[in-house]
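A.B. asks: Handing you a structure now.
The values are calculated or read from the model by the stated rules, or taken from the named source; none is laboratory data. Keep in mind the model is a prediction, meaning the values are calculated, not measured. Using ideal geometry, Cβ is built from the backbone for each residue, glycine included, and neighbour counts are taken over all protein chains shown.
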Amino acid sequence: MDLALLRTFVTVHRAGSFTRAAALLGLSQPAVTGQIRTLERQLGRPLFLRQARGVTPTTIGDELAHRAAPHLDALVEITETGLDDESGVRTLHLAGPPEFTSVRALPALTPLISQGLALRASFFTNAEETLDGLAAGHHDLAIATARPRGGLLTATPLCDEEHVLVASPRWAARLGHDVLRKGHVVLEQLPVVEVHESLPLVSRYWASVFDSRPAAAGAVIAPDLRAVLESAAAGAGLAVLPRYLCEAALERGEIVALYDPPVPPLRTYFLVVRTGTLALPHIARAHEWLLRASVDW
């Protein structure tokens, strides 16, 4: 049986769509459809049920994917090992948000370097872009703030981060106790420091805590939360930051928490792989290592 046909079949099974599989394989959709039909003729059984949106595997298709996918992944492992040096070092391509990956994930994975793991990191501020790159095979492991849909990717909750509304002590002194009494009304007198013009963090905080939308526009926009932290500490305006990133600055008094809601907003991080790739030892080891480290996060 042609391994190329099996590779196409497994990709369609994981993607749940001929169109999606074609994009991942770099083929046209008719080519993917033709390969699947050829494989179905060889086996004498239908492998997928065509639906309005994508395809659903038959029981035979599920069985074949379960049996074939690990072996195909093992072949990929053998091929990729040839790209590394003779010492047997395996390279893990990790993708995720720049701040969390830098502050949390990479330090947590560093001990694995002595066990023969090399790390290559790619940073993305957009979860969809991160997941698309993982699905396309550009990364081995991804950290994302959104759970992927479909069967192509498998997600495991990693940890939750608490969001804190902060500003410099100067701004906090000017607001006084009005924040607790008037809430978002008085807060909207402050300029906003954010990672994007759409104010994603501030908007999420406002919706969760005040059940409203922020009226202010961004005064400083910088696509890195570390830059947002430094700008807020310098007095540029209020910001919403993950507690892990701003805890030290809060303790030093460089910034002040402006509001203490009864239920602080949380955001979940997911650890995501392509379905089936946890059979590869270097990916499985990094995956397990991050899950263990996240207990203390």
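A.B. asks: Which condition does residue 259 not pass, out of (1) outside any strand (DSSP E or B); (2) at pLDDT 95 or above, if it passes all the others?
C.D. replies: For residue 259, the exception is condition (2).
A.B. asks: May I pose another question? Looking at segment 238-276 only, could you name the residues that are over 16 Å from residue 167 (Cα atoms) and aliphatic (A, V, I, L, M)?
C.D. replies: 263, 266, 271, 272, 273
A.B. asks: Same structure again: As an exercise: evaluate residue 208 against (1) touching a His at 6+ places or on another chain (Cβ under 9 Å); (2) crowded, with 18+ Cβ neighbours inside 10 Å; (3) assigned to a helix (DSSP H, G or I) and give the number of the one condition it does not meet.
C.D. replies: (2)
A.B. asks: Looking for something part of a strand (DSSP E or B) and touching a strand residue (DSSP E or B) at 6+ places or on another chain (Cβ under 7 Å) - is there at least one such residue anywhere in segment 243-251?
C.D. replies: no
A.B. asks: Then there is this: Can you tell me which residue within segment 146-192, out of those that are among the polar types (S, T, N, Q) and either at pLDDT 95 or above or more than 20 Å from residue 205 (Cα to Cα) (or both), is farthest from the chain's Cα centre (by Cα)?
C.D. replies: If we take residues in segment 146-192 being among the polar types (S, T, N, Q) and either at pLDDT 95 or above or more than 20 Å from residue 205 (Cα to Cα) (or both), then 168 is farthest from the chain's Cα centre (by Cα).
A.B. asks: Please verify whether residue 91 is polar (S, T, N, Q), modelled with pLDDT of 90 or more and more than 24 Å from residue 39 (Cα to Cα), treating the condition exactly as stated.
C.D. replies: In short, yes.
A.B. asks: Something else: If I ask for residues that are in contact with a Gly (Cβ under 9 Å, 6 or more places away or on another chain) and part of a helix (DSSP H, G or I), which ones from segment 262-297 would you list?
C.D. replies: Listed by number, the list holds a single entry, 282.
For (1) without any contact (Cβ under 8 Å) to a residue 24 or more places away in the chain; (2) surrounded by fewer than 16 Cβ atoms within 10 Å (Cβ to Cβ), each residue gets a yes or a no:
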| position | (1), (2) |
| --- | --- |
| 30 | yes, yes |
| 38 | no, yes |
| 42 | no, yes |
| 48 | no, no |
| 58 | yes, yes |
| 61 | no, no |
| 66 | yes, yes |
| 71 | yes, yes |
| 74 | no, yes |
